[in-house]
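Notes for the one structure printed next.
The values are calculated or read from the model by the stated rules, or taken from the named source; none is laboratory data. Every value quoted in this text rests on a predicted model; they were computed, and no experiment measured them. As a convention, Cβ positions derive from the backbone with ideal geometry for all residues, glycine included, and neighbour counts pool all protein chains shown. When the accessible area is computed, the model is the full protein with side chains, heavy atoms only, and any ligands, DNA or RNA have been set aside. Shrake-Rupley method; radii C 1.70, N 1.55, O 1.52, S 1.80 Å.
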Amino acid sequence: WTVWIATAEDSKPRKESPVHLVVYGKNGKTDSILLGDGKPDYFEANTTNEVDINVGSIGQIYKIRIGHENNDNWEGWHLKEVKMRDRKSKEELLFTFDRWMSRTDDDLDIVREMPVIRSGQNTLPVMKYQVQVYTGTVENADTEATCYICIYGERGDTGNRVLYKSLNNEIKFQKGQKDIFEIEAVHLGDLEKVVVGHNGKKSGQGWYIDKVIVRESSDSERGDYFPCNRWLDVSKDDRKVERELKPGSADGEWTLWITTAEDSRPCNNSAVHLVVYGEKDKTDPIILGDGKPDYFEAGTTDEEDIKVKDIGKIFKIRIGYDHGADWDGWHLEKVKMRERKTGEILEYQFDRWMSRTEDDLEIVREFPAIREGEDILPVLKYHIEVNTGTEENADTEATCYMCIYGERGDTGNRVLYKSLNNEIKFQKGQKDIFEIEAVHLGELKKVVVGHHGKEPGQGWFLSDVVIKEAQDAEEEVFFPNNRWLDVGQDDNTIERELLPGQREGEWDITIVTAEDSIPAMEAVVYLVVYGDQGKSDNIPLGDNDTVYFEPGRIDIFERVKLNVGKIYKIRIGHNDIDKWDGWHLQEVRMKERSTEEELIFRFDRWMARNQDDLDVLREMPAIRQDEEVLPIFRYFITVFTGEIENAACEATIYMCIYGERGDTGNRVLFKSLNNENQFQEGQVDMFEIEAVSLGELQKVVVGHDNKEAGQGWFCEKVIVKEAQDSDAEFHFPCS
């Protein structure tokens with residue numbers, strides 16, 4: 001063949017850089033043919049050079065490849081066209097390039113291919129193959145050597161092409177990095193293999209390749225997968241610096257496209273993590289972007305390739321970023337996933353903020369997989385009730401988190417960021433309510449709760465957790481704990497796994513105030529419950545933010561914890577402030593949540609210093625069908641003040657009577673039945689205390705509220721009878 005090579009007018013001086021030609025035919029290809037060897041005036045601007053070549057028995061020609069070696073820094077060759085004529089058959093082939101081969105112009109490549117154009121025959125297209133090269137994560141996997149690739153297909157190859165300029169990274173071939181290149185070549189048909197190598201001939205100049213993926217274009221969804229997972233290093237593995245890679249299985253290989261909305265805020269190098277859930281398992285958290293500054297910016301779509309292990313059919317994903325990241329908010333529009341092997345596409349239309357200042361303040365989102373003709377799992381807002389215990393120092397300021405597990409996966413660790421009902425969360429004896437949005441988990445199996453307080457004293461006493469599928473759902477799952485999460489207490493653990501349990505001793509308490517009662521005026525009501533296994537502490541009902549116990553009102557207090565055994569009586573009253581002239585209590589109803597036992601205490605009594613018997617505390621026995629009801633006594637109390645000097649007292653004096661069935665609680669000896677001025681020197685004062693029968697009396701405790709020297713009281717003795725006319729009496733000497 002005779003070959004004419006026409007160089008354009010604006011081409012740069014050649015500087016004797018060698019030019020090579022390879023011709024491809026149906027039966028094979030030529031070796032690299034050196035053109036213009038030793039001829040310094042060849043391939044200069046605005047010249048046409050003639051060369052005679054022999055292509056051998058390669059059959060009908062279908063493409064050529066021409067290029068130079070860039071020796072002596074040839075700034076660029078602007079090739080206009082190549083014309084070839086077969087001397088025997090006189091067939092002429094014209095290849096109109098009009099392209100630069102330069103490291104500073106066009107696409108920076110110094111090799112070009114062109115297909116043969118024959119009248120009446122289809123012309124092979126020229127493709128821009130997208131080549132994705134994955135450097136491994138092993139130590140020293142990166143390289144600074146000059147690396148190359150040759151792609152082979154059913155119609156020839158690309159020849160060795162230097163991987164010159166990464167399209168997505170400033171520095172290429174770094175540890176754990178994906179680099180993207182473009183190789184322009186005549187369509188190769190189905191790909192068969194790739195050969196990759198480099199020129200690093202010294203120890204330590206090697207390269208660890210994970211895999212190579214080749215697509216026919218940047219927007220092609222299908223790609224050919226060539227696994228490697230080996231060193232190209234003269235001192236490692238088999239010491240080779242070039243490897244032939246065959247197509248491998250792309251099982252579990254997915255490409256992601258993450259689209260960020262136009263109004264999203266700067267990422268500030270924050271890392272995004274993704275977890276994919278399948279019917280058999282889930283992935284570990286997959287880091288996306290890995291802190292790259294141009295990822296997840298407003299109005300962009302970022303592409304990532306991920307490996308999903310054999311987790312079965314995918315049913316949901318979770319995506320988000322870490323609590324504490326320097327990111328004001330990510331408005332995620334959508335996530336698209338495509339499996340390389342099967343071509344299956346899953347799209348997740350989020351259009352939600354992940355932000356501590358937007359939406360529901362959450363920075364993690366879940367979305368179910370949507371497939372045509374299949375039911376879609378719902379996304380629920382789980383209603384979480386977290387109850388902090390009443391132990392001393394039970395509260396915490398640590399960052400607390402929770403993960404809920406069900407028959408369909410888990411929620412992942414979610415920071416319990418914002419209490420829906422309290423300004424300050426996790427306080428002693430407090431109930432905090434949170435919402436966790438997640439794809440439906442099915443039947444709940446367990447929760448894991450923990451916090452980040454790593455120092456003694458930063459712990460938390462967690463009583464229990466209650467979870468419902470929605471705020472208004474009737475069914476709930478109860479997870480008891482009643483243990484410390486503290487590095488300095490219990491077993492020094494700050495994370496616990498809680499299993500479902502039965503509520504024991506949780507009561508809903510309803511208080512009915514009569515229509516003629518006096519407005520409460522900020523008074524506090526206390527309840528004490530007695531059972532055969534002990535009694536409760538004073539339980540304050542209500543809080544300072546809500547008005548309770550108003551005339552005609554019904555107040556309900558849910559889930560009051562009582563571990564007292566079988567209840568036999570209650571005592572209720574208020575704190576006797578001057579502002580509240582009197583409370584007319586109609587009745588108290590108590591219902592146990594697990595057993596649904598219901599107790600009704602019908603008082604219909606005043607608690608006032610100017611009504612009824614002037615007391616502000618009342619007791620009532622439990623009434624159960626076919627069981628004997630404990631009687632209510634008006635214990636008759638005789639108090640003897642001594643006859644010594646200064647024995648009298650003007651302080652508020654109180655008494656608590658103890659018997660085999662509990663006690664009366666501290667009762668103020670408010671009004672002497674027989675004296676205008678009580679507790680005078682040598683005086684006997686009589687009082688009545690109404691209480692459920694205590695059985696045989698065991699002791700009394702008497703005291704007063706004067707705390708200064710000289711304000712005391714000399715008590716000689718106390719006599720208690722079950723009623724004023726009772727013959728039996730109990731003497732309690734003091735003097």
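For segment 625-642, which residues satisfy the criterion of being in a loop (DSSP other than H, G, I, E, B) and touching a residue at least 40 places away in the same chain (Cβ under 8 Å)? Talk me through it step by step, then tell me what you get.
In the first step, residues of segment 625-642 are kept if they are in a loop (DSSP other than H, G, I, E, B); the result is 625-631, 642.
Scanning segment 625-642 gives Leu630, Pro631, Gly642.
Please work out which residue is least open to solvent (accessible area, probe 1.4 Å), limiting yourself to segment 25-54 and to residues that are hydroxyl-bearing (Ser, Thr, Tyr) and part of a loop (DSSP other than H, G, I, E, B).
In the first step, residues of segment 25-54 are kept if they are hydroxyl-bearing (Ser, Thr, Tyr); the result is 30, 32, 42, 47-48.
Now narrow it down to the ones that are part of a loop (DSSP other than H, G, I, E, B): 30, 32, 42, 47.
Details: Thr30: 12, Ser32: 72, Tyr42: 33, Thr47: 39 Å².
Among residues in segment 25-54 that are hydroxyl-bearing (Ser, Thr, Tyr) and part of a loop (DSSP other than H, G, I, E, B), the one least open to solvent (accessible area, probe 1.4 Å) is Thr30.
Being closer than 17 Å to Gly156 by Cβ and open to solvent by less than 40 Å² (accessible area, probe 1.4 Å) is the filter here; which residues of segment 105-123 pass it?
Val111, Arg112, Glu113, Met114, Pro115, Val116
Examine segment 619-628 for a residue that is open to solvent by less than 10 Å² (accessible area, probe 1.4 Å) and closer than 21 Å to Gly703 by Cβ, and state whether such a residue exists.
yes
Give the number of residues within segment 55-77 that are among the acidic types (Asp, Glu) and open to solvent by less than 10 Å² (accessible area, probe 1.4 Å). Step through it out loud before you land on a result.
Of the residues in segment 55-77, the ones among the acidic types (Asp, Glu) are 69, 72, 75.
Those left that are additionally open to solvent by less than 10 Å² (accessible area, probe 1.4 Å): none.
Within segment 55-77, residues that are among the acidic types (Asp, Glu) and open to solvent by less than 10 Å² (accessible area, probe 1.4 Å) number 0.
Within segment 305-339, track down each residue that is touching a Lys or Arg at 6+ places or on another chain (Cβ under 9 Å), open to solvent by 10 Å² or more (accessible area, probe 1.4 Å) and at positive phi.
If the condition is that a residue be touching a Lys or Arg at 6+ places or on another chain (Cβ under 9 Å), open to solvent by 10 Å² or more (accessible area, probe 1.4 Å) and at positive phi, then Gly312 is the only one that fits.
Determine which member of the set Arg609, Arg605 is touching a residue at least 40 places away in the same chain (Cβ under 8 Å) and surrounded by 15 or more Cβ atoms within 10 Å (Cβ to Cβ). Steps first, please.
Working: Arg605 fails: touching a residue at least 40 places away in the same chain (Cβ under 8 Å).
On inspection, the qualifying residue turns out to be Arg609.
If I filter segment 124-141 down to residues being within 14 Å of Ala185 (Cβ to Cβ) and outside any strand (DSSP E or B), which single residue comes out as most open to solvent (accessible area, probe 1.4 Å)? First the steps, then the outcome.
Of segment 124-141, the ones within 14 Å of Ala185 (Cβ to Cβ) are 124-131.
Remaining after also requiring outside any strand (DSSP E or B): 124-125.
Values: Leu124: 42, Pro125: 64 Å².
Ranking the candidates gives Pro125 first.
So which residues in segment 78-104 are in contact (Cβ under 8 Å) with a residue 60 or more places away in the chain, open to solvent by less than 80 Å² (accessible area, probe 1.4 Å) and not in a strand (DSSP E or B), if there are any at all? Before the answer, list the steps.
Residues of segment 78-104 in contact (Cβ under 8 Å) with a residue 60 or more places away in the chain: 78-87, 98, 102-103.
Remaining after also requiring open to solvent by less than 80 Å² (accessible area, probe 1.4 Å): 78-79, 81-84, 86, 102-103.
Result: Asp86, Ser102, Arg103.
If I ask for residues that are assigned to a strand (DSSP E or B) and closer than 24 Å to Val22 by Cα, which ones from segment 183-208 would you list? Talk me through it step by step, then tell me what you get.
To start, the set of residues in segment 183-208 that are assigned to a strand (DSSP E or B) comprises 183-186, 191-198, 207-208.
Within segment 183-208, Ile183, Glu184, Ala185, Val186, Leu191, Glu192, Lys193, Val194, Val195, Val196, Gly197, His198 meet the criteria.
Quickly run through segment 6-24 and pick out the residues that are over 11 Å from His78 (Cα atoms), in a strand (DSSP E or B) and in contact with a Phe, Trp or Tyr (Cβ under 7 Å, 6 or more places away or on another chain).
First, pick out the residues of segment 6-24 that are over 11 Å from His78 (Cα atoms): 15-24.
Next cut, in a strand (DSSP E or B) only: 19-24.
Listed by number, the residues that qualify are Val19, Tyr24.
Report yes if some residue within segment 350-359 is within 26 Å of Lys307 (Cβ to Cβ) and assigned to a loop (DSSP other than H, G, I, E, B); otherwise report no. Talk me through it step by step, then tell me what you get.
Of segment 350-359, the ones within 26 Å of Lys307 (Cβ to Cβ) are 350, 354.
Checking the rest, the ones that are also assigned to a loop (DSSP other than H, G, I, E, B) come to none.
Checking segment 350-359: not a single residue is within 26 Å of Lys307 (Cβ to Cβ) and assigned to a loop (DSSP other than H, G, I, E, B).
Taking strands (runs of 3 or more DSSP E) that do not extend beyond segment 654-735, which have at least 2 residues that are among the β-branched types (Val, Ile, Thr) and either surrounded by fewer than 19 Cβ atoms within 10 Å (Cβ to Cβ) or touching a strand residue (DSSP E or B) at 6+ places or on another chain (Cβ under 7 Å) (or both)? Step through it out loud before you land on a result.
Values: elements: 684-692, 697-704, 715-721, 730-733.
Those strands (runs of 3 or more DSSP E) span 684-692, 697-704, 715-721.
For segment 155-182, which positions are part of a loop (DSSP other than H, G, I, E, B) and aliphatic (A, V, I, L, M)? Write out each step before concluding.
If we filter segment 155-182 for residues that are part of a loop (DSSP other than H, G, I, E, B), which is where we start, we get 155, 158-160, 163-177.
If the condition is that a residue be part of a loop (DSSP other than H, G, I, E, B) and aliphatic (A, V, I, L, M), then Leu163, Leu167, Ile171 are the ones that fit.
Could you please give the count of residues in segment 511-548 that are within 38 Å of the chain's Cα centre (by Cα), open to solvent by less than 80 Å² (accessible area, probe 1.4 Å) and among the β-branched types (Val, Ile, Thr)?
2
Identify, from the list Arg230, Arg222, Arg239, the residue that is of a type in the set (Lys, Arg), open to solvent by 40 Å² or more (accessible area, probe 1.4 Å) and assigned to a strand (DSSP E or B). Steps first, please.
Working: Arg222 fails: assigned to a strand (DSSP E or B); Arg239 fails: assigned to a strand (DSSP E or B).
Just one listed residue meets the conditions, Arg230.
Among the numbered criteria (1) within 18 Å of the chain's Cα centre (by Cα); (2) closer than 23 Å to Lys445 by Cα; (3) crowded, with 19+ Cβ neighbours inside 10 Å; (4) of a type outside the set (Asp, Glu), which single criterion is violated by Asn387?
The one condition Asn387 does not meet is (1).
Give the residue that is surrounded by the most Cβ atoms within 10 Å (Cβ to Cβ), with candidates limited to residues of segment 270-304 that are under 13 Å from Leu332 (Cβ atoms) and aliphatic (A, V, I, L, M).
The residue in question is Val272.
Taking the options Asn610, Asn563, name whichever one is under 46 Å from the mean Cα position of the chain (by Cα), assigned to a loop (DSSP other than H, G, I, E, B) and polar (S, T, N, Q). Let's see the steps before the verdict.
Working: Asn610 fails: under 46 Å from the mean Cα position of the chain (by Cα).
It is Asn563.
Can you name every residue in segment 488-510 that is more than 30 Å from His584 (Cβ to Cβ) and open to solvent by less than 10 Å² (accessible area, probe 1.4 Å)? Lay out the reasoning, then the answer.
Start the filter on segment 488-510 by keeping residues that are more than 30 Å from His584 (Cβ to Cβ), which leaves 488-504.
Scanning segment 488-510 gives a single hit, Leu498.
Being under 59 Å from the mean Cα position of the chain (by Cα), modelled with pLDDT of 95 or more and under 22 Å from Glu184 (Cβ atoms), is that true of even one residue in segment 45-63? Steps first, please.
From segment 45-63, those under 59 Å from the mean Cα position of the chain (by Cα) are 62-63; that's our starting set.
Filter again for modelled with pLDDT of 95 or more, leaving 62-63.
Still in the running and under 22 Å from Glu184 (Cβ atoms): 62-63.
Yes, segment 45-63 contains at least one residue that is under 59 Å from the mean Cα position of the chain (by Cα), modelled with pLDDT of 95 or more and under 22 Å from Glu184 (Cβ atoms).
Is there a residue being free of Cβ contacts under 8 Å to residues at least 40 places away in the same chain, open to solvent by less than 70 Å² (accessible area, probe 1.4 Å) and of a type outside the set (Phe, Trp, Tyr) anywhere in segment 251-269?
no
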